[in-house]
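J.: Below you'll find the structure I mean.
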Amino acid sequence: MDVEPRPVDTEAAGSTPARGPSRLGRWLRRAVFVWTVLLAVVTTVSLVFNAFTAGRAAPPKGLRYVQAGDVRTRYRTWGTTGSPVVLVHGAFEQADTWSRLAPLLARDHRVYALDLTGDGYSRRRGPYTVDHFTRQLLGFLTALHLGGPGQRPLLVGHSSGAAVVTQAALRAPGRLAGVMLLDGDARDTGAGPPSAFKYLLIDPYRTSLLRLGLGMDWLIRSFYDAQCGPACPRLDAAGVDEWRRPLRVAGAETALWDMLGEGVPGLPADQVARLAAVHIPKSVVFGAQDDVFSKQSPWQTARRVGAPPPTLIPGARHLTMISSPRQVAAAVEALAHPRAAAH
């Protein structure tokens, strides 16, 4: 007699029914797929955008150049008589940044401004360090026959340029008539993007972001307004181009990423303090509302370098040579002619 098999109770037998993929596993696979597709789309768009925006801007016509050390250096001059004054800009600035101050100084001085390598229209040539900038500056003085008897210049260094003029004074004090630290303490404070920046922001994305940012006039004006303040003239189209064009010339993008990797140039505090033992006239000038530095920085800097109490320009922020050229010019004159200023 045939016996019909009885159904097996799987639960009673202790077995577990087969299950499909877990919900978390499905979600992870979908997320990876979406991320892969998104990355491929963004990368393709970035590559296409970079290809269509690869044209480089040409430097303005009629620029003047001189070989300063190992750098073909662009420079400007104002005035034909009087003692020399050499203006040294800060990070992401150029010789044209001094165009409001220099004509005022040129009434009584021969005024010179150069583009440090990595900025402006000088040849891009690393490393972008205080040491290299200082060698370029001293080479510039040699090329223009400044630094000899009766030709010793007064150096004015703005922001990170304060470190460059400080180093120049430490290396060749006998070639200088004095130094002014303008809106800068000359120290290496570690300011700048984090060290991982250059590894996290890679091509082609960083190039796309830079070019997009440079194409936005409002963004350039926002940075300018934040650093310069309400006393500064508003940037018109020509003014925006003056700040933007140097970042679009050949070699500028590569130099920019190298400079961001280095951070804002500066010197160790003990090296800055050595300036106090250098017997040349010194001064420290800051915008009273400069929020790049603390309120104590001007006073600390003056004591550190052995200068008189700092000159604080009321209402000015970080770009005092643009917002307050007359006050800065008066401070330069006081440094160049201390006895006359005392009377």
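J.: In the chain, which whole DSSP H runs stretch at least 18 Å along their own axis (Cα) and average 0.5 or higher on the Kyte-Doolittle scale?
T.: Sorted by number, the helices that extend far enough and score high enough are 23-52.
J.: Oh, and also: Provide Rg over Rh for the stretch 76-144; use the alpha carbon set for both Rg and the Kirkwood Rh (inverse mean inverse pair distance).
T.: Here the Rg-to-Rh quotient is 0.98.
J.: Also: Pick the calculated Rg/Rh (Cα atoms, Kirkwood Rh) for this structure from (1) 1.27; (2) 1.01; (3) 0.98?
T.: Evaluating Rg/Rh (Cα atoms, Kirkwood Rh) on these atoms matches (1).
J.: Using only the alpha carbon atoms of the stretch 210-315, find the Kirkwood hydrodynamic radius as the inverse mean reciprocal pair distance, in angstroms to one decimal.
T.: Over the stretch 210-315, the inverse of the mean reciprocal pair distance is 16.8 Å.
J.: Separate question: Indicate, rounded to the nearest 5 percent, the antiparallel portion of the DSSP beta bridges found entirely in the chain.
T.: Beta bridges within the chain, antiparallel portion: roughly 30 percent.
J.: What is the calculated FRET efficiency for R326 to S222, with r their C-beta to C-beta distance and R₀ = 22 Å, to the nearest 0.05?
T.: Calculated transfer efficiency: 0.25.
J.: Pulled fully out, how much extra length does the chain show between V278 and Q151, if you take 0.36 nm times their separation in residues and subtract their Cα-Cα distance?
T.: 43.8 nm
J.: Show the residues, 5+ positions off or on another chain, whose built amide H is closer than 5 Å to the amide H of S83.
T.: Amide H to amide H, under 5 Å and 5 or more residues apart or across chains, S83 pairs with R110.
J.: What fraction of the Cα pairs in the stretch 240-294, stated in percent, has a spacing above 16 angstrom?
T.: Distances greater than 16 Å cover 70 percent of the Cα pairs.
J.: For the stretch 96-221, evaluate the Debye formula with one uniform point scatterer on each Cα (no solvent term) and list log10 I(q)/I(0) at q = 0.13, 0.18, 0.23 Å⁻¹, rounded to two decimals.
T.: Evaluating at q = 0.13, 0.18, 0.23 Å⁻¹ gives log10 I(q)/I(0) of -0.68, -1.12, -1.50.
J.: Using 0.36 nm per residue, how much length does the chain from D236 to T254 gain when fully extended, once their Cα-Cα distance is taken away?
T.: The span from D236 to T254 would gain 3.7 nm if fully extended.
J.: Quote the FRET efficiency, to the nearest 0.05, computed for L47 versus S22 with a Förster distance R0 of 45 Å and r equal to the Cβ-Cβ distance.
T.: 0.75
J.: Related question: Per DSSP helix of 4 or more residues, -39500 (n - 2.57); summed, then divided by the residues of the chain. What does that give at 222 nm, rounded to the nearest 500?
T.: -12000 deg cm²/dmol
J.: Also: Quickly work out the V66-to-D270 label distance, labels modelled 7 Å from Cα along the C-beta direction, and quote it in nm with one decimal.
T.: The answer from the label model is 3.6 nm.
FYI, it's all coordinate maths here, none of it is from the lab. Fair warning: this is a prediction, and the values are worked out from it, not measured in the lab. All Cβ positions, even for glycine, are placed from backbone atoms using ideal geometry, and neighbour counts span all protein chains on display.
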